[in-house]
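Below: one structure, written as structure tokens.
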Amino acid sequence: MPLKIATWNIKHANRLHATNPSQIILDRRQRVQHTIQAINADILLMVEGPKGEAAIVEFCEVVLQNQWIPILLKGENDQIGDRDRDYGNHMRGTQWLWYIVKPEIAFRCRLQEAEVWQAFINADGWGVNYWGKIKPDDHKHYRHPQVLIYELDNGQEIECIGVHLKSKINLTSIQRDDEGNLTGAYLETALKARVKLATEARNIRHYIDAKFNQLENPGLVLLGDCNDGPGQDFFENQYLFFDLIQNLQGEVLLAEKFFNHALFDYTANLRWTSRFRDPILNIPASQNPLLIDHILMSQPLCNGNFPLKVNAKAGKVEHEIFERANAGSNASTRTSDHRPVSLMLTETIII
């Protein structure tokens, strides 16, 4: 049977399961519920999910009536109701990554501890030499990638790598010199954020390389909010000379390790997931559509090595579902500032 995988950044999801919700929260809660029901994914990566196991369990109970349930790490001494501990997710902050799945496939799914990731690449963090500095600074994932493993009937496994990479939000005041060039703290903050984001992408590729050293044909799906997309924005074009997707997809000449993008053959004018204002180029949000939420997949999931396969036109941005759910909403009741992305895997036809 086919398998639908999706990713969605639900802004401030932690507010949706409040004990005494306001009418605004109730309105937004219903819109989020309708969106998830309409997407009808078997596996949904929730980005900006609530902090802690107890919170995501409550979210699924209150918002989704357990039509989708979370896949949690299992501790050796689990107690009923003892769900506030971090069993190995290595998530920091209040925006956590969660996989929620249809109950009927939960038995096929398990979550991998973050220590396994670190063991495969022999590192918890890494050094970053900013602009030729001799002494590196330390960096690590603030929101550690979360890996869900889905087992097929024949024993093969599809590994979903869920990510929420470094944000490029910059709250520092914009400064320019007499010639109009950016300068000062704003420029330094912007460049550091992009370098950190790029090294997080490289770290993900190191993990992917490790999987190819373990398996001949690993079935890998990389998904989530990457806070950047294809192409180069002002800073990348002017200062850094790379784009994020190249770092995630890998080297095209290493064909077996190169990842396809789920939206590669999706209609170009619909290939975006959010709109944000660009203060540097003075572009309003309404005129600045960005593709920052992604699903990519390894070649074995595209070439028939698995019982499930990604065929042409299998990926999409769920614009219609998003717009229907948000009809009549306002800034307070809108579900999110991101649109969901989905990927359908269908049964491989053997000729």
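The values are calculated or read from the model by the stated rules, or taken from the named source; none is laboratory data. Everything quoted here is computed from the prediction, not taken from an experiment. We place every Cβ from the backbone using ideal geometry, glycine too, and count neighbours over all the protein chains shown. Note: accessible area is taken over every heavy atom of the protein model, side chains too, but ligands, DNA and RNA are not part of it. Shrake-Rupley method; radii C 1.70, N 1.55, O 1.52, S 1.80 Å.
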message = Please compute the Kirkwood hydrodynamic radius over the stretch 147-295, one decimal place, Å, based on all pairs of different Cα atoms.
response = 17.2 Å
query = Working out 0.36 nm times the residue gap between Thr172 and Ala54, then minus their Cα-Cα distance, what length gain in nm do you get to one decimal?
reply = 38.9 nm
Contour excess over end-to-end distance, with Cα ends at Gln287 and Lys74 and 0.36 nm allotted per residue = 72.1 nm
query = Distance from the Cα centre of the stretch 1-71 to that of the stretch 195-237, in angstrom?
reply = 26 Å
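If Cys302, Cys226 are ordered by their accessible area, calculated over protein heavy atoms with a 1.4 Å probe, which sequence runs from highest to lowest? Let's see the in-between values first.
Values: Cys302 25, Cys226 5 Å².
Ranking Cys302, Cys226 by accessible area, largest first, yields Cys302, Cys226.
If you take every residue apart from Ser286 with its C-beta less than 14 Å away from the C-beta of Ser286, what net charge results, scoring Lys and Arg +1 and Asp and Glu -1? It would help to have the intermediate numbers written out before the result.
On the way: positive: Arg275, Arg277; negative: Asp278, Asp337.
Net charge in that neighbourhood comes out at 0.
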query = Could you sort Trp117, Trp272 by accessible area so the largest value comes first, with the probe set to 1.4 Å?
reply = Trp272, Trp117
query = Taking the Cβ-Cβ separation of Glu61 and Asp209 as r and a Förster radius of 35 Å, what is the calculated FRET efficiency to the nearest 0.05?
reply = 0.35
query = Who wins for biggest fluctuation among Ile204, Ile169, Ile43 in a Gaussian network model of the chain, springs between alpha carbons below 10 Å?
reply = Ile169
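If you roll a 1.4 Å probe over the heavy atoms of the protein chains, what accessible area per residue do you get for the chain, in Å²?
On the way: 16930 Å² over 351 residues.
With the other protein chains kept in place, the chain gives 48 Å² per residue.
Please give the net charge around Gly229, taking every other residue with its beta carbon less than 12 angstrom from that of Gly229, where Lys and Arg add +1 and Asp and Glu add -1. Can you show the working numbers first?
On the way: positive: Lys168, Arg271; negative: Asp225, Asp228, Asp233, Glu236, Asp243, Asp293.
Neighbour charge sum, excluding Gly229 itself: -4.
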key: Rounded percent of accessible protein surface that carbon and sulfur make up, the chain, 1.4 Å probe   = 49 percent
task = Could you give log10 I(q)/I(0) at q = 0.07, 0.10, 0.15 Å⁻¹ for the stretch 3-347, computed by the Debye formula over C-alpha point scatterers of equal weight, without solvent?
result = -0.29, -0.61, -1.42
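Under a Cβ-Cβ cut-off of 9 Å, what is the net charge of the residues other than His338 that fall near it, where Lys and Arg count +1 and Asp and Glu count -1? Don't skip to the answer; put the middle values down first.
On the way: positive: Lys11, Arg339; negative: Glu48, Asp225, Asp293, Asp337.
Its environment carries a net charge of -2.
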message = Restricting to DSSP H runs of at least four residues, report the calculated mean residue ellipticity at 222 nm for the chain, -39500 (n - 2.57) per run over all residues, nearest 500 deg cm²/dmol.
response = -7000 deg cm²/dmol
ask   = Taking 0.36 nm per intervening residue step and subtracting the Cα-Cα distance, what contour gain separates Leu254 from Ala106 on full extension?
value = 49.8 nm
ask   = In square angstrom, rounded to the nearest 10, how much accessible surface does Glu251 have for a 1.4 Å probe?
value = 120 Å²
query = Which FRET efficiency value, to the nearest 0.05, is calculated for Glu347 and Glu216 with the Förster distance at 25 angstrom and r the Cβ-Cβ distance?
reply = 0.70
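Among Lys51/Lys168; Lys102/Lys192; Lys4/Lys74; Lys74/Lys133; Lys166/Lys313, which pairs are too far apart, with a Cα-Cα distance over 32 Å? Don't jump to the answer; show the numbers that get you there.
Working: Lys51/Lys168 22 Å; Lys102/Lys192 39 Å; Lys4/Lys74 25 Å; Lys74/Lys133 42 Å; Lys166/Lys313 29 Å.
The pairs that break the limit, which is 32 Å between Cα atoms, are Lys102/Lys192; Lys74/Lys133.
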